[in-house]
């Protein structure tokens with residue numbers, strides 16, 4: 001139908017919009033510019049017309065982009081890649097704006113890809129954009145990466161570059177937009193890429209919830225009109241995020257504590273390479289800013305080609321591609337992940353190796369003009385940077401526990417612990433956490449009340465795991481049977497009380513504060 005400007009609109013109409021009085025149908029058509037009467041007769045005629053129309057071909061409406069259940073077709077807003085039945089597939093977005101678009105030529109895309117060579121963050125970002133279609137094929141979970149860096153470091157250039165694989169500037173979303181319409185946004189990026197800019201702009205409480213929902217790939221459970229539970233929305237996507245702070249820092253600013261599981265949901269990566277911000281090779285540009293502008297101009301004028309071309313090749317060579325990916329990831333795993341690595345490190349490695357595999361497949365398909373091994377090298381460089389930022393390849397939860405317990409004694413070791421020995425001057429100890437006993441060889445022991453240990457020191461932690469770690473490190477003096485608490489006769493109480501007895505090691509032992 002034409003609108004008032006003469007533009008012709010082609011719109012799929014789900015039959016469910018004809019239910020009730022047809023107001024949902026009228027709202028949809030009006031939003032697209034259809035002029036119609038407002039009277040009761042006009043409204044009924046519209047419903048009758050749509051209900052009685054017999055189009056030459058019907059279509060099957062799809063709620064999200066991406067693979068069909070049999071992995072035979074990949075649905076995008078303006079095309080379905082792969083095998084199709086007699087009934088075409090059409091995305092049902094209720095006239096919502098599509099983030100997918102195409103501009104420029106394939107030659108320009110190749111030039112853009114060549115500018116990535118020698119730049120680990122650019123190569124990685126481009127490969128992240130191609131990893132989404134592999135999730136369903138390999139039965140992998142969603143994964144997310146966060147490029148953290150100062151302003152004007154080039155991280156937004158990386159995000160725009162990744163977006164250009166599937167669309168233009170509109171393909172990039174903001175963290176702030178996750179507060180409303182997160183599920184609908186994710187379904188529009190199903191099996192592809194979701195780019196989120198500026199983590200600091202979203203409220204920490206919203207970031208706390210979004211970090212779980214994004215990677216879990218399942219929306220909220222809601223009730224239908226009759227009270228029955230609706231099937232929650234589901235999606236698969238690889239997420240690329242940017243910000244000047246990481247998730248841990250942002251949540252702490254909102255008095256939220258990050259769990260290791262959340263850190264693994266949003267893998268934190270330093271944007272700065274140590275050379276020119278996010279860049280290492282400027283390809284003849286005078287400085288990092290000039291190079292960023294050069295990339296930005298290409299991204300603005302050419303985008304939306306690489307993603308569909310990659311999927312088209314993947315559909316045609318799916319079986320061989322799966323075998324190649326498995327072989328590549330096994331080789332990388334044997335080389336980069338030790339036998340003693342924790343399950344958390346292995347889980348993170350799976351995400352990085354997925355990105356490596358996507359990039360290497362694109363090279364094999366001829367979609368990216370890079371030498372073989374370029375994508376894998378960049379992805380493993382980022383994996384090693386992540387490991388270095390983390391501090392080791394061990395259990396991340398232990399690092400969190402150690403830092404939090406040490407921090408409590410650093411803050412309150414003097415102010416909230418009464419001295420063990422009586423003195424002429426006895427100061428009040430408000431909100432007392434226990435007693436502090438001076439040792440002859442130097443340092444202090446701390447006798448901590450059980451409630452303080454459980455509710456304050458271990459707030460947000462697994463208190464049993466925390467106690468075990470403290471025992472293993474020699475921070476806690478164990479009881480007669482190796483338990484974490486001891487029965488001690490505290491000053492001025494006249495009776496024995498079970499407490500956690502911390503040794504002076506809790507403040508003496510060196511720990512890596514950057515872990």
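Values in this text are rule-based calculations from the coordinates and carry no lab data. Only a predicted model underlies this, so the values are computations on that prediction, with no experimental measurement involved. Cβ coordinates were reconstructed from backbone atoms using ideal geometry, including for glycine residues, and neighbour counts include every protein chain displayed.
A few remarks follow.
- The alpha-carbon atoms of segment 307-407 define a convex hull whose volume equals 110 cubic angstrom per residue.
- Peptides 442-451, 79-88, ordered by how many other C-beta atoms sit within 10 Å of their residues on average, highest first, read 442-451, 79-88.
- For segment 106-316: rounded, prolate or oblate by the Cα gyration tensor [a/c cutoff 1.5]: oblate
- Per-peptide packing, taken as the mean over residues of other Cβ atoms within 10 Å, places 35-48, 278-291 in the sequence 278-291, 35-48 from highest down.
- Degrees separating the helix 106-116 axis from the principal Cα axis of the chain, which is the longest one: 10
- Rounded to 10°, Cα long-axis angle of helix 343-364 versus longest principal axis of the chain: 30
- Between segment 123-158 and segment 368-387, the alpha-carbon center distance in angstrom: 12
- Percent of beta bridges antiparallel (DSSP, the chain, rounded to nearest 5): 50
- Annotation for residue 287 and residue 53: the two label points, set 7 Å from Cα along the Cα-Cβ direction, are 5.8 nm apart.
- Prolate/oblate/rounded label for segment 274-347 (Cα gyration tensor, a/c 1.5): oblate
- Calculated FRET value between residue 428 and residue 230, using beta carbons and R₀ = 56 Å, to 0.05: 0.45
- 0 to 90° range, to nearest 10: angle between helix 306-316 axis and the chain longest Cα axis: 80
- Tensor-based shape of segment 15-91 (alpha-carbon gyration tensor, a/c under 1.5 rounded, otherwise prolate or oblate): prolate
- Here the scattering of segment 396-508 is modelled by Debye summation over its C-alpha atoms, one equal scatterer each and no solvent; at q = 0.10, 0.12, 0.15 Å⁻¹ the log10 of I(q)/I(0) is -0.27, -0.39, -0.62.
- Highest mean first, the peptides 184-193, 3-12 sorted by other C-beta atoms within 10 Å per residue fall in the order 184-193, 3-12.
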